[in-house]
Amino acid sequence: AASPSRPVSIEELMETAKGVTNMALAHEIVVNGDFQIKPAELPEHSLEKKVRDIVHKAFWDCLEAQLKEDPPTYDHAIKLLGEIKENLLSFLLPGHTRLRSQITEVLDLDLIKQEAENGALDISKLVEFVIGMMGTLCAPARDEEIKKLKDINEIVPLFRAIFSVLDLMKMDMANFAVSSIRPKLMQQSAEYERKKFQEFLEKQPNSLDLVTRWLQEAADDLANRRYKMLPPHCSADGATGGASVLCSTAVQNQAYLKLLKWDHVNRPFPEVVLMDQARFQEIQLELEQLLLTGTVLLVVFSAAGSALIDVPGFAEKIKTIVKVLLTGLHLPSFNLKESLATIGEKVCAEVNSCLSQHGFPPFSAERETVLKGQIQAVANPDNTICKLIDSRIQKFLENCLASSHQKSLPAIPGGLGPIQRELEEIAVKYVRLVNYNKIVFSPYYDAVLGKILTKE
């Protein structure tokens, strides 16, 4: 029986929730291999954007007015050069002694002020030095932006463009730092999340009930699978004996596979994976769309025979058609049957076009009707081809979890070749998520599974 929950005060909840923002950010960096810091974009018609644009315009208008005076006033320009100097210095590593000396010497603000007072300041020369130094320090991906700076002749637009590129360089540096600290952050974040969950568990002792049920179902699934694989002459006792040798890792992997078929609307998510529910759900939706795509491709290649299998780009064209027409698959208003009917029409047209281009006779009206019917039949949950593709996708993901310590992914099962790239991308994301969750919550899994497997 579940332990009775005790009342929790607001103070206790607030104490438990401290640091959640930082924890979520660290968690995002660790589990999302594509995590990148991006510039903050204000909504197009928001008050904040209007105010910012007005302030920026006023500043640049003032700079332009100063430089047009006779003689020019350089107060604003010198302040900007000071900011540029600090930015350039911030990009340097401790060993960049020579570059540090160059920047400090050329962008000596006291000397620049004296030159401005005596009418001897050559601001174009200083800006040329800045652009050259930016080209030395920037990532190769920014070479094109640096090249564009050299084509700007007016000083105010050039200053604006320089600061824009400097902002990009700051993001590049921050993202490099993120990738560098990820291994260290993984260890610290895992310990931190485990500690926070333990604090929550102490306040809510029954907080592993959903996890226990989830792992129990996974153990039952494996036991039933082994029972079905036993020779016919084995008794039920033999099945029990098979269940007793279930290992903790296999049960955990089976449990994680169950998350890819989860009923998110009607069933609560296990406590230890709650922070990643949205991620698991996103992967689940991607797999459902990929399943339909893979099924349609297999149907098409089976219908077309060997004629189109090796035609370059044909599979990609079909994938594009299916992907576009399955957009919004999980929206309540989406009509799968209508979309598959349209896919059938488009695919038949593409098949006939491709056959004609390569000297093969096009499909007869009868073969087209059969192919369209096979594609529309994919909407049936009991469709044999769909179930076959699904089982092979699940088997591939299971193999990925079982061999997650290896550098390369396992071989793709037969029939999944046309969707191999997309499936491997999902698998990498999925395995990273599972492995990190195991690192964080392995003590709790071991405790729960110790009881389940002993009972079995």
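The values are calculated or read from the model by the stated rules, or taken from the named source; none is laboratory data. Keep in mind that this is a model prediction, so the values were computed, not measured. FYI the Cβ positions are ideal-geometry reconstructions off the backbone, even for glycines, and counts take in every protein chain you see. Note: areas computed on protein heavy atoms with side chains; ligands, DNA, RNA excluded. Shrake-Rupley method; radii C 1.70, N 1.55, O 1.52, S 1.80 Å.
Among the residues of the range 205-229, which ones are outside any helix (DSSP H, G or I) and surrounded by fewer than 16 Cβ atoms within 10 Å (Cβ to Cβ)?
So the first thing to find is which residues in the range 205-229 are outside any helix (DSSP H, G or I), and the list is 205-208.
If the condition is that a residue be outside any helix (DSSP H, G or I) and surrounded by fewer than 16 Cβ atoms within 10 Å (Cβ to Cβ), then 205, 206 are the ones that fit.
Would you point out which residue out of 111, 99, 92 is farther than 21 Å from residue 64 by Cβ, part of a helix (DSSP H, G or I) and touching a helix residue (DSSP H, G or I) at 6+ places or on another chain (Cβ under 8 Å)? Can you show your working first?
Values: 111 fails: touching a helix residue (DSSP H, G or I) at 6+ places or on another chain (Cβ under 8 Å); 92 fails: part of a helix (DSSP H, G or I).
Criteria check complete, one pass: 99.
Counting only residues that are open to solvent by less than 70 Å² (accessible area, probe 1.4 Å) and either at pLDDT 90 or above or of a type in the set (Asp, Glu) (or both), how many does the range 236-262 have?
Let us first name the residues in the range 236-262 that are open to solvent by less than 70 Å² (accessible area, probe 1.4 Å), namely 236, 238-239, 241-244, 246-248, 250-260, 262.
Now narrow it down to the ones that are either at pLDDT 90 or above or of a type in the set (Asp, Glu) (or both): 250-260, 262.
Going through the range 236-262 one residue at a time, the tally reaches 12.
Just checking, does the range 10-28 include any residue being basic (Lys, Arg), surrounded by 12 or more Cβ atoms within 10 Å (Cβ to Cβ) and either at pLDDT 70 or above or out of contact with any Ser or Thr (no Cβ under 8 Å at 6 or more places or on another chain) (or both)?
Restricting attention to the range 10-28, the residues satisfying the condition of being basic (Lys, Arg) are 18.
Okay, now just the ones that are also surrounded by 12 or more Cβ atoms within 10 Å (Cβ to Cβ), so none.
No, the conditions are met nowhere in the range 10-28.
Filtering the range 409-434 down to residues that are in a loop (DSSP other than H, G, I, E, B), closer than 25 Å to residue 300 by Cβ and free of Cβ contacts under 8 Å to residues at least 60 places away in the same chain, which residue is most open to solvent (accessible area, probe 1.4 Å)?
Within the range 409-434, the subset in a loop (DSSP other than H, G, I, E, B) is 409-416.
With closer than 25 Å to residue 300 by Cβ added as a condition, the list becomes 411-416.
Filter once more, keeping what is free of Cβ contacts under 8 Å to residues at least 60 places away in the same chain: 411-414.
Working: 411: 82, 412: 38, 413: 32, 414: 48 Å².
If we take residues in the range 409-434 being in a loop (DSSP other than H, G, I, E, B), closer than 25 Å to residue 300 by Cβ and free of Cβ contacts under 8 Å to residues at least 60 places away in the same chain, then 411 is most open to solvent (accessible area, probe 1.4 Å).
Give the number of residues within the range 136-154 that are part of a helix (DSSP H, G or I), surrounded by fewer than 16 Cβ atoms within 10 Å (Cβ to Cβ) and either in contact (Cβ under 8 Å) with a residue 40 or more places away in the chain or not basic (Lys, Arg) (or both). Break it down into steps so the answer makes sense when it comes.
Let us first name the residues in the range 136-154 that are part of a helix (DSSP H, G or I), namely 136-137, 140-149.
From the residues that got through so far, the ones that are surrounded by fewer than 16 Cβ atoms within 10 Å (Cβ to Cβ) too are 136, 140-141, 143-144, 147-148.
Add one more test, that the residue is either in contact (Cβ under 8 Å) with a residue 40 or more places away in the chain or not basic (Lys, Arg) (or both), and what stays is 136, 140-141, 143-144.
Going through the range 136-154 one residue at a time, the tally reaches 5.
Considering (1) in contact with a helix residue (DSSP H, G or I) (Cβ under 9 Å, 6 or more places away or on another chain); (2) not in a helix (DSSP H, G or I), say which one residue 406 fails and leave the rest.
The one condition residue 406 does not meet is (1).
Give the residue that is nearest to residue 437 (Cα to Cα), with candidates limited to residues of the range 184-197 that are open to solvent by 70 Å² or more (accessible area, probe 1.4 Å) and either in the same structural domain as residue 143 (by the TED database) or polar (S, T, N, Q) (or both). Lay out the reasoning, then the answer.
The first filter runs over the range 184-197 and keeps only residues open to solvent by 70 Å² or more (accessible area, probe 1.4 Å), leaving 184, 187-188, 191-192, 195.
Those still in the list that are either in the same structural domain as residue 143 (by the TED database) or polar (S, T, N, Q) (or both) too: 187-188.
Working: 187: 12, 188: 13 Å.
Taking the candidates together, the pick is 187.
Do you know which residues across the range 277-320 are surrounded by 18 or more Cβ atoms within 10 Å (Cβ to Cβ), at pLDDT below 90 and within 24 Å of the chain's Cα centre (by Cα)?
Within the range 277-320, 319 is the sole residue that qualifies.
Going by the structure shown, is residue 160 at pLDDT 85 or above, closer than 26 Å to residue 36 by Cα and open to solvent by 50 Å² or more (accessible area, probe 1.4 Å)?
Numbers: at pLDDT 85 or above: yes; closer than 26 Å to residue 36 by Cα: yes; open to solvent by 50 Å² or more (accessible area, probe 1.4 Å): yes.
Yes: the conditions hold for residue 160.
Assess whether residue 202 counts as being outside the structural domain of residue 113 (by the TED database), in a helix (DSSP H, G or I), acidic (Asp, Glu) and surrounded by fewer than 16 Cβ atoms within 10 Å (Cβ to Cβ). So that I can check it myself, show each step before the final result.
Values: outside the structural domain of residue 113 (by the TED database): yes; in a helix (DSSP H, G or I): yes; acidic (Asp, Glu): yes; surrounded by fewer than 16 Cβ atoms within 10 Å (Cβ to Cβ): yes.
Yes.
Can you run down the residue pairs with Cβ atoms below 6 Å, 6 or more apart or on separate chains, where the first is in the range 79-94 and closer than 19 Å to residue 138 by Cβ and not assigned by the TED database to the domain that holds residue 168 and the partner is modelled with pLDDT of 90 or more and surrounded by 14 or more Cβ atoms within 10 Å (Cβ to Cβ)?
none
Pairs please, first residue from the range 164-180 and among the hydrophobic types (A, V, I, L, M, F, W, C), second anywhere and surrounded by fewer than 15 Cβ atoms within 10 Å (Cβ to Cβ), Cβ atoms under 6 Å, 6+ apart in sequence or on different chains.
Qualifying pairs under 6 Å: 171/37; 174/37.
Look at residue 61 and say whether it is part of a helix (DSSP H, G or I), closer than 30 Å to residue 118 by Cβ and either open to solvent by 90 Å² or more (accessible area, probe 1.4 Å) or of a type in the set (D, E, K, R) (or both).
Working: part of a helix (DSSP H, G or I): yes; closer than 30 Å to residue 118 by Cβ: yes; either open to solvent by 90 Å² or more (accessible area, probe 1.4 Å) or of a type in the set (D, E, K, R) (or both): yes.
So residue 61 fits the description; yes.
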